[in-house]
Amino acid sequence: TAMFGQQIKTDDWEGHFSCNNIKSVTNGDGKIFVASENVLFTYDVFTNELETITTIEGLSGEFITTIHYSNNNNLIIIGYDTGLMEVYNLSTKSVLKVVDILNKTTISPENRRINHFYEHNNVVYISTNYGISVYDLEALEFRDTYYIGTNGSQVQVKQTVVFNNNLYAPTNEGLKKADLNNPNLIDFQFWDTLFLGNFSLINFVGNNLYTIKSDNNVYKIMGSNLVPSLNFSETVVDLKSKDNFLLVV
């Protein structure tokens, strides 16, 4: 069902929000979480209840690029085009604004965009237009930032995934990999470039790892080989894994 606009009233305030451009969808704990440009919806699949989270509840109202639901912590992590992050606590209905990326003067505004969140062992790997930052979901604070471009330069990362305890990052300089057991991942020299080329997305199903290049080919990674599996005529914007299925958006 497409919603082209919605009026939301809370006490003495009414909010008017754009709902016709869905940016990100995630799920967990019997709920589906949907982000439009500047508002969140939560849908309970058991009770059919629809809840909205807006500026009235404390969101910034800026342009949302991606969201992630942390089932272990009952948090929704919200990423913005500006680099702003917000952590919405579903238990307390409170919003924590995280401005570390937004305020980082060494990163140009266009490179602060948050593209994707990937959770592993209670940390979130944040894919951005400058590289990867790591956010601790228990302490609610940043850890390290990885600049993995040539000679440690900034490079766009659209998505990450952890597979066999390695962190994989597709970039326009190639598909890169690092061992999570290595304590020195802030040093670009500990990142291997597996394949050269312009890579955008990556995910796995079972024991099989798949990636997408700018040619919109889905490749299966088999050792040192990229095996073409599927080709799409339109631009692929997301690659998700669910049960035994690879979902190509």
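Can you tell me, using C-alpha contacts under 8 Å and at least 6 residues apart, the relative contact order of the chain as a whole percent?
8
How much accessible surface area, in Å² rounded to 10, belongs to the heavy atoms of Ser153 with a 1.4 Å probe?
Roll a 1.4 Å probe over it and Ser153 shows about 40 Å².
How much accessible surface does Met222 have with a 1.4 Å probe, in Å² rounded to 10?
Accessible surface of Met222 is approximately 100 Å².
Under unit Cβ charges (Lys, Arg +1; Asp, Glu -1), what dipole magnitude, rounded to 20 debye, does the chain have relative to its Cα centre?
My answer is approximately 660 debye.
For a quick protection proxy, order the peptides 59-65, 27-33 by their average other-Cβ count within 10 Å, most packed first.
Taking the mean over residues of other Cβ atoms within 10 Å, the ranking is 59-65, 27-33.
For Asp44, what is the net charge nearby, where nearby means another residue's Cβ is under 14 Å from its Cβ and Lys, Arg count +1, Asp, Glu -1?
-2
Give the calculated FRET efficiency between Gln189 and Asn48 to the nearest 0.05, with a Förster radius of 51 Å applied to their Cβ-Cβ distance. Intermediate results must be reported in sequence, preceding the final value.
Values: r = 53 Å, r/R0 = 1.03.
Working from the Cβ atoms, E equals 0.45.
Per residue, how much accessible area does the stretch 14-131 show when a 1.4 Å probe rolls over the protein heavy atoms, in square angstrom?
42
Placing +1 on the Cβ of each Lys and Arg and -1 on the Cβ of each Asp and Glu in the chain, which of Leu209, Phe195, Pro183 has its Cα farthest towards the positive end of the resulting dipole?
In the chain, that residue is Phe195.
Report the FRET efficiency, 1/(1 + (r/R0)^6), for Leu180 and Ser214, where r is their Cβ-Cβ distance and R0 is 30 Å, rounded to 0.05.
It comes to 0.65.
Determine the share of the chain's accessible area contributed by carbon and sulfur atoms, expressed in whole percent, with a 1.4 angstrom probe.
So the carbon and sulfur contribution to the accessible surface is 45 percent.
Straight-line reach only, C-alpha to C-alpha below 13 angstrom: list the aspartates and glutamates that Lys93 could link to, leaving out same-chain residues fewer than 8 apart.
The qualifying aspartates and glutamates are Glu51, Glu57.
For Leu140 and Asn166 in the same chain, what is the full-extension length gain: residue separation times 0.36 nm, less their Cα-Cα distance, in nm?
This chain segment gains 7.0 nm when fully extended.
For the stretch 121-168 and the stretch 26-100, write down the distance between their C-alpha centroids in whole Å.
21
Starting from 0.36 nm per residue, how many nanometres of slack lie between Asn71 and Asn207 once their C-alpha separation is accounted for?
Contour length minus Cα-Cα distance gives 46.6 nm.
Let me check I've understood the local charge: for Trp191, count other residues with C-beta under 12 angstrom from its C-beta, Lys and Arg +1, Asp and Glu -1. What total comes out? The partial results should precede the final answer.
Numbers: positive: Lys176, Lys177; negative: Glu173, Asp179, Asp187, Asp192.
Here the count lands on -2.
Debye calculation, C-alpha points only, no solvent: report log10 I(q)/I(0) for the stretch 199-249 at q = 0.22 Å⁻¹, in the same order as the q values.
With no solvent term, the Cα-only Debye profile gives -0.74.
Check cross-link reach from Lys158 to the lysines: straight Cα distance under 20 Å, and skip same-chain residues fewer than eight apart.
Lys23, Lys104, Lys176, Lys177, Lys213, Lys220, Lys240, Lys242
The values are calculated or read from the model by the stated rules, or taken from the named source; none is laboratory data. Computed from a predicted structure; not experimentally measured. Every residue, glycine among them, receives a Cβ derived from its backbone with ideal geometry; neighbour counts consider all protein chains shown. For accessibility, only protein heavy atoms count, side chains too; no ligands or nucleic acids. Shrake-Rupley method; radii C 1.70, N 1.55, O 1.52, S 1.80 Å.
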